[in-house]
Amino acid sequence: MTSGMEAEREPKQQSAKALLALRDLVLTGDVEPGERLSEVALAQRLGVSRTPLRSALQRLEQEGLVCLIPSGGYAVRSFSRQEVFDAIELRGVLEGTAARLAAERGAPASPLRAMHEVVRQLDLVMQVGAHDVDFERYEVLNGDFHRLLWNLCGSEVLMREIERIACLPFASPNAFVNTQSDVPAFHRTLIVAQTQHKAMLSAIELREGSRAEAIAREHARLARQNLDFVLEEQPDLRRKVVALALMSG
């Protein structure tokens, strides 16, 4: 017999399953940009009922990956190159604001210690040669650093907006990490990024709000540089960058 707690947990698990599976279909290009998403067909394909599927579609609309269409239902969005650049720039603006507020308001000691530990762990990852970097470990630690930064200013409003824009994978802090294992130029970018991590943390601790904001914004622009590199010089890497299947032009 199913307990009340188990009965309550099952719909949440179904919703999470539907969201993850549907997001994966969209980001990998299995569903073409502009294509209408059939609830019946998707529910059968993903093995979920239509209620959690509708919830997943609503969430992806909030994230900006799908849009409502006049005939009803949802379609996968496409993004111009300029929209992708704008999303990256917006993350930099929001993270810069978070860094400035953290510095001006005075960040608590405990999360600062946690950020120092993440930076120390990143140093260990980066000490090896370009071909030996554990990129999966780097991705986890880099994500940890940015989430700690988002929380540091104590603003739930700001954190919510950063999380929303970072749901667009080409605007996330880890957008280009999984492309970098075979390209020395990308390894040099990681070295610059780690230097910026340390400078940002130092500025926050010294209560230098303007400096912290400027470093955070410049840090986000590394993603723009990496995107330019992929599109202009290494087009064969494009398939490795999550969500670029949604980019038009």
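The values are calculated or read from the model by the stated rules, or taken from the named source; none is laboratory data. All values derive from a computational prediction rather than experimental measurement. Glycine also receives a Cβ, built like all others from the backbone with ideal geometry; neighbour counts cover every protein chain displayed.
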Exercise for the section: Please find, within the range 174-191, the residue that is modelled with the lowest pLDDT out of those that are surrounded by 22 or more Cβ atoms within 10 Å (Cβ to Cβ) and under 16 Å from GLY92 (Cα atoms). Expected result: PHE176
Handout entry: When residues of the range 152-170 are limited to those that are over 22 Å from LEU60 (Cβ atoms) and in contact (Cβ under 8 Å) with a residue 40 or more places away in the chain, the one surrounded by the most Cβ atoms within 10 Å (Cβ to Cβ)
Key = LEU152
Exercise for the section: Being within 22 Å of the chain's Cα centre (by Cα) and of a type in the set (Asp, Glu) narrows it down to one of GLU83, GLU104, so name that one. Expected result: GLU83
Fill in the blank from the handout: Okay, helices (runs of 4 or more DSSP H) sitting entirely in the range 22-138 with 3 or more residues that are assigned by the TED database to the domain that holds ASP228 and either more than 18 Å from GLU163 (Cβ to Cβ) or touching a strand residue (DSSP E or B) at 6+ places or on another chain (Cβ under 7 Å) (or both), I get 81-105, 109-126
Practice task
Among the residues of the range 62-75, write down those that are at pLDDT 90 or above and farther than 13 Å from PRO33 by Cβ.
Solution key: LEU68
